[in-house]
Each structure stands twice: as structure tokens, then as C-alpha cells.
Amino acid sequence: MTSNNLTIYLADDHEIVARAIAGLLLSVKGIKEVQSFSNGKDLFSACQKSAPDLVILDLEMPEWSGLVTLKKIKEQFFFPVIMLSMNDEKTLIEETIKEGAKGYLHKNCSVTELQMAIETVLRGDIFLSEETKKILVGLKLPSGNINFTLTEVLTDKEYEVLKLVCDGLTSKEIGEKLFLSPRTVESRKNNLMQKFNVQTTGKLISLAIKNKIVS
């Protein structure tokens, strides 16, 4: 953990969900306190009295949605905000990132993923879950030097191959791991290079890692 004795504010209008998330957070080393709120307005009022180290927001809440609360926070404060939601709508996720959210997680995330997200945003970087990365392929993240946009969204099978290519596996090794023929692997690699608009595997790997499409 980047810092010890962290205070986190959490907003979620579902009490049972909020309790579960708070329990996960308190199991993470370095987190001292978690304060839960049933809506964004109450959380924002608490921030004005005493700012936390980090805020986690649900998207859909009464009395200020997660997006409205995010905008209000970014007008006055500099601490990072992570969005935690069941919503997988691409345009909405894109808007939260453009409005200043430092992370986006699905509510079924693991403790490990939650901890990684917290550590990442406290360093000043953006954290996106693997599922979110696939949804947002081509989005220009504000923290990166991104000079390209993919021509098409990657399929799940292409993304699977891309991760293994970036791990340094050969087409034969990828085929053995995924139970595919080398010809099928090469076909998917060719599709990937077309979508990334590159001619070499090295450039494909470089762009995928630099733009955080794979980690």
C-alpha cells in the first residue's frame, strides 16, 4: 500500500452492498477507516468537513448520482476517486474518466483487484479492471501519451491472444495454451495488427502496453 492509515469515503445507496464493500476495504492493509454514505450529496458534505484520502462512488444513487458527485468533488478537491458500479455502458465509463475519475471497477471485483486499484490511483495513475479495458479499447486516457485510436473494438478472443503476445509467447506457445492451431493464432495476430494499424509484433506490444490495453 502506498500509504498507511488511509481514510476512505464510500457512497452506495444499497446498504448491504455498502457494508460488503466496506468490509473488503477494511481487510486491505493500510486502510484505517471507511465511512459509508447512502448518496453522493451526503458524502460531499462530509468531504467539506474533513477530506478523505480516497473516495469510491457508485454511479446510480439518489440525491446526486456518482457522476454528479464526481464533478462536484473535482471542482474543489484533489484526492482520487474510483467508480465502482455494475454499469458496463461504454459512454458512461468514458465520461467518468474524462471528468476525472482515476479508476473504474465492477462491483464483483476481488479484494486483490480492489487493493491494486487503490495503490494505483494513490500513485496518480489510472486503474481500469480487465473487463473495463476491453470495453474502452481506443479511449484516449488523460494520463497517457496516447497517439492512436483503434479502428475496431477487439473481440474477446483477440484480446486473449494479445495478452499472451505481450507476455512474450510465440504463436506455437499461444496455440498450445489456448488449444488453437498456429494458423488461427497468426490470423488473430494479423487482425490485431490491422486494428492497431501496425506492421510488426514489437510495435503491437509497445502500443498495447503503453496505452494500458494490457497490463
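The values are calculated or read from the model by the stated rules, or taken from the named source; none is laboratory data. The shown structure was predicted, so the numbers you read here are calculated from the model rather than taken from an experiment. Note that each Cβ is placed from the backbone with ideal geometry, even for glycine, and that neighbours are counted across all protein chains shown. The protein model used for the area step is the full one, side chains on, heavy atoms only, and it has no ligands, DNA or RNA in it. Shrake-Rupley method; radii C 1.70, N 1.55, O 1.52, S 1.80 Å.
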- Could you please tell me which pairs satisfy a Cβ distance under 7 Å, a separation of 6+ or placement on different chains, a first residue in the range 193-215 that is under 17 Å from Leu154 (Cα atoms), and a second residue that is loosely packed, with under 14 Cβ neighbours inside 10 Å and at pLDDT 80 or above? Met193/Gln199
- Message: Can you tell me how many residues within the range 194-215 are out of contact with any Lys or Arg (no Cβ under 8 Å at 6 or more places or on another chain) and of a type outside the set (Gly, Ala, Ser)?
- Response: 12
- Filter result (among the acidic types (Asp, Glu), in a loop (DSSP other than H, G, I, E, B) and over 19 Å from His106 (Cβ atoms)) within the range 36-71: Asp53, Glu63
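Filter the range 78-99 down to residues that are open to solvent by 10 Å² or more (accessible area, probe 1.4 Å) and part of a helix (DSSP H, G or I) and give me whichever is farthest from Leu67 (Cα to Cα). Step through it out loud before you land on a result.
Taking the range 78-99 first, the residues open to solvent by 10 Å² or more (accessible area, probe 1.4 Å) are 78-80, 86-92, 94-95, 98-99.
Filter again for part of a helix (DSSP H, G or I), leaving 90-92, 94-95, 98.
On the way: Lys90: 14, Thr91: 12, Leu92: 9, Glu94: 11, Glu95: 8, Lys98: 11 Å.
Per the criteria, the residue is Lys90.
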- Message: Could you list, ordered by first residue, the pairs with Cβ atoms under 8 Å in which the first is in the range 153-164 and crowded, with 19+ Cβ neighbours inside 10 Å and the second is at pLDDT below 80 and assigned to a helix (DSSP H, G or I), at least 6 apart or interchain?
- Response: Leu154/Lys134; Tyr159/Lys134
- Message: Any residue in the range 119-141 that is open to solvent by 40 Å² or more (accessible area, probe 1.4 Å) sitting within a Cβ distance under 7 Å of a residue that is modelled with pLDDT under 75 and not acidic (Asp, Glu)? List the pairs, counting only those 6 or more apart or interchain.
- Response: Glu119/Met1; Glu119/Thr2; Leu122/Thr2; Leu122/Ser3; Arg123/Thr2; Asp125/Ser143; Lys140/Ile146; Lys140/Thr149
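Looking at Leu43, Leu57, which is the one that is at pLDDT 95 or above, closer than 18 Å to Leu122 by Cβ and open to solvent by less than 60 Å² (accessible area, probe 1.4 Å)?
Working: Leu43 fails: closer than 18 Å to Leu122 by Cβ.
Among Leu43, Leu57, only Leu57 is at pLDDT 95 or above, closer than 18 Å to Leu122 by Cβ and open to solvent by less than 60 Å² (accessible area, probe 1.4 Å).
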